[in-house]
Structures are given as structure tokens and as C-alpha cells.
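Everything below concerns the one structure shown next.
Every number here is computed from the coordinates shown, using simple stated rules; none is lab data. No experiment lies behind these values; they were computed from the predicted model shown. Cβ coordinates were reconstructed from backbone atoms using ideal geometry, including for glycine residues, and neighbour counts include every protein chain displayed.
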Amino acid sequence: MKLIHYLPTIKTAINTLANQSIASEQQLLLLGKLLSENVKNKRPIASLSEVEFRVFSQWGDDGIIQWLVNNLEFPHKTFIEFGVADYRESNTRFLMMNNNWSGLVMDGSESNVERITGSEYFWKFTLSAKAAFIDTDNINSLLSSSELDREVGILHIDLDGNDYWIWKEITVISPVVVILEYNSIFGIDRSITTPYDKKFSRTCAHYSNLYYGASLRALSQVSASKGYVFIGCNSAGNNAYFVRKDRLNDTVRATSLESGYVMSMFRESRDTRGNLTYLNGTDRIALIRGMPVYNTDTDQIENL
């Protein structure tokens, strides 16, 4: 019987293991390797959701990344990921452990970075970890100090706030693939982001936790100015994928924002006490209506 017939069972097993505190990483990695073999040569695909699976990523990004690394040319097998918390759940950890890529991870918490450097995988792989609150003043110096080649394989920015501004500021590296978190409730029509605030905190900015980041159109705009094209989003509706134009091929191709945009379905809204309120659809944008946003087309602050 072909491997494809076992895929639902394998995915269920991964989810079960990932949610158990006593889960064996060896088992997770083995099951992930099987899924990776299944998706790596899958072509053509209508959307990135077709190659998704999860090992250490929060959503299906492990599968998307595996498909990309097997269908694009990477001069260097390196990655950089911002905002990784303690790296237990991240988009580059499976890439590191399954494909032996090396990289740099950064988080604003010293304790999170201590957990990373104290982990078993830290000595097994070429990984650097830095505690830093990233802003437009320090991002290029932080990246330069990593000693990674300019052509980094994958850059993932997940800062829950100044993502647009940080990506716009980066000049010292030229990644092949860039993964950017977008705020899907900002919609597809407007090119907007939260105004730059060096000390931006998602929870402090608005109690709901819904006011953060940038729209997909704003992120696509700045990516295009750097020579990147949009290839799609994950099915969760929070991560957008961009590939440097010179690396596109017959398998990994550009798509329109309208075709690739995904509205998130997860319900992470909070009340003033920090409790989940599980708002759906347009109820989410209604809660933060009137908050200030920066329009990247007009260079003006306007209301959401």
C-alpha cells in the first residue's frame, strides 16, 4: 500500500504526540520525515495548503517549508527566525533537526533564550540564540553580528507588531524565502500597518490582542520593493510566503494577493481581564475599529 494511504494516520499520530508532555521527539521527527518525503516532490499545487503538515510549527508551516527547500535553489542552508519564544513551537526547528540547516533565533526574553541554549538540540546543531528586543535601530547590527552569509536561506519575522517596519529596514541580508506574519483581520484591500512604536506591545496596544502587525497588501508592497514576489499563505491565515524573484521556477510560482489571501479562523480575542472571548469574523475588526493605522500608500495615519 502506498504511503499516501497512511498519511491521515501519520498526521493524527503527530498531533497526539505533539500534545503530550512525554512525547518522544524521535518519533515526531520520524513521522515528520515520512510526511516530508511525501510532499517534497508534489507538483503542481494550487495552494500552499496542499503541502502542509505540522511537527514543531504552530500550524502547517513545517510542510510548506519542506516543500520549498526541495523545490528551490538555496546557496546556503541557513535560517533566521525572530520571536521564537522558547523555540518549542517554531517554524525552523524541524528544518534544523530534519535537514540539518543552521541558523539564528532571537527573542526578547532572556529566560526563553536560556531554555533554548540549555536544550539538548542546542549542542547537536549549529544554532545561535540571542535575547534582544528588536527595533529598526538595532536590526541590521544584530543580523550582521550573526556571521551568516548575506544570502540566508529562510527569514521568518513574527514580532506581533512592528513586522512591516523591521522588514522594510533590513538591508544586510538577502534571503531566498521570507515568511511574514500578517494580520488577516486588516483585510485584503488596504495597505496598512500599526504605526511604528519602538516599544510596541501587542497586549498593551489594545487589550483585545487583535491590534498588531500589518495587512497582507502592505507586506507584499514592501517585499516587492525588495525584489520578492508573493506565493501564498498558510491555511491558518497568519503567515505569508515571499520568494526572491530570481529564484522562482516552474514549480514555485507567484500568485495574486486575491488568490492567496486567507482570512484567519482562529479566535484569539481577549477581554479587558485577558480572558479569551472567541470572537469570529467581522466582530473582530469591529472591536478595534477606529484605532490608528499607517497607510503605506499615502504615508498618512488614518483610522482603521
| field | Estimated FRET transfer efficiency (His76, Lys33; beta-carbon r; R0 22 Å; 0.05) | value | 0.50
| task | Could you calculate the contour length gain from Ala286 to Trp123, that is, 0.36 nm times the residue separation minus the distance between their Cα atoms, to one decimal place in nm? | result | 53.9 nm
| field | Cut-off 19 Å, label 7 Å out along Cα→Cβ of Asp250, residues of the stretch 41-70 by amide N | value | 41-47, 68-70
| Roughly how many whole Å is it from the C-alpha centroid of the stretch 76-142 to that of the stretch 231-304? | 24 Å
| remark: Put in order of increasing Cβ neighbours within 10 Å, starting from the fewest, Met265, Met96, Met291 give Met265, Met291, Met96
| task | Only bridges with both residues in the chain count here: give the DSSP antiparallel percent, nearest 5. | result | 50 percent
| query | Once the piece of chain linking Ile301 and Phe266 is laid out straight, how much longer is it, given 0.36 nm per residue of separation minus the C-alpha distance between them? | reply | 9.8 nm
| field | Highest average packing first - 183-195, 272-284, 38-50, Cβ atoms within 10 Å | value | 183-195, 38-50, 272-284
| the stretch 73-303 - charge dipole about Cα centre, Lys and Arg +1 at Cβ, Asp and Glu -1, debye rounded to 20 | 260 debye
| said: Stokes-Einstein diffusion coefficient for the stretch 172-304 at 37 °C in a medium of 0.692 mPa s, Rh from the Kirkwood formula over Cα pairs: what value in µm²/s? | reply: 209 µm²/s
| request: With a/c under 1.5 counting as rounded, go ahead and sort the stretch 228-304 into rounded, prolate or oblate using the C-alpha gyration tensor (a ≥ b ≥ c being the square roots of the eigenvalues; past the cut-off, prolate if a/b is larger than b/c, else oblate). | output: oblate
| field | Total formal charge among the other residues, if their Cβ is under 13 angstrom from that of Ala131, Lys/Arg +1 and Asp/Glu -1 | value | -2
| task | Run the quick spin-label model on Ser102 and Asn138: label points 7 Å from Cα toward the beta carbon, then report their separation in nm to one decimal. | result | 2.5 nm
| said: Counting only helical runs of four or more DSSP H residues, what would the 222 nm mean residue ellipticity of the chain come to if each run contributes -39,500 (n - 2.57) and the total is spread over all its residues? | reply: -8000 deg cm²/dmol
